[in-house]
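**Q** Just passing along the structure, written as structure tokens.
The values are calculated or read from the model by the stated rules, or taken from the named source; none is laboratory data. The shown structure was predicted, so the numbers you read here are calculated from the model rather than taken from an experiment. As a convention, Cβ positions derive from the backbone with ideal geometry for all residues, glycine included, and neighbour counts pool all protein chains shown. Quick note on the areas: whole protein, heavy atoms, side chains included, nothing else; ligands and nucleic acids left out. Shrake-Rupley method; radii C 1.70, N 1.55, O 1.52, S 1.80 Å.
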Amino acid sequence: GDRTPQQVFGGFIKALMGILGSIAIGMFVYGGFMIMGAGGNSEKIGQGTQIVIWGALGVVVIFASYTLVQFVLGVI
């Protein structure tokens, strides 16, 4: 309709960021369950901790990229 290519691209990027955010939250939950169900197994605890850490870094990257896209689309 009346949407510009920038608006269409921006909507696509926002949807993609939402999906990636959901995946990152799923990683938090999976890592948490892994830690909780480790039963004292230090290998599983370490693995779960790594999943949670990488999930947190993923969230930081997602927010940074979202901010960068908003800035670039605002300039264009």
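**Q** Could you tell me how many of the residues in segment 27-51 are assigned to a loop (DSSP other than H, G, I, E, B) and open to solvent by 50 Å² or more (accessible area, probe 1.4 Å)?
**A** Matching residues across segment 27-51 total 4.
**Q** Of all residues in segment 52-76, which are touching a helix residue (DSSP H, G or I) at 6+ places or on another chain (Cβ under 7 Å), among the aliphatic types (A, V, I, L, M) and either free of Cβ contacts under 8 Å to residues at least 60 places away in the same chain or not in a helix (DSSP H, G or I) (or both)?
**A** VAL52, VAL59, ILE62, VAL69, ILE76
**Q** Could you check, for segment 4-26, whether at least one of its residues is open to solvent by less than 80 Å² (accessible area, probe 1.4 Å), farther than 29 Å from ILE76 by Cα and assigned to a loop (DSSP other than H, G, I, E, B)?
**A** Looking for residues that are open to solvent by less than 80 Å² (accessible area, probe 1.4 Å), farther than 29 Å from ILE76 by Cα and assigned to a loop (DSSP other than H, G, I, E, B), one finds none in segment 4-26, hence no.
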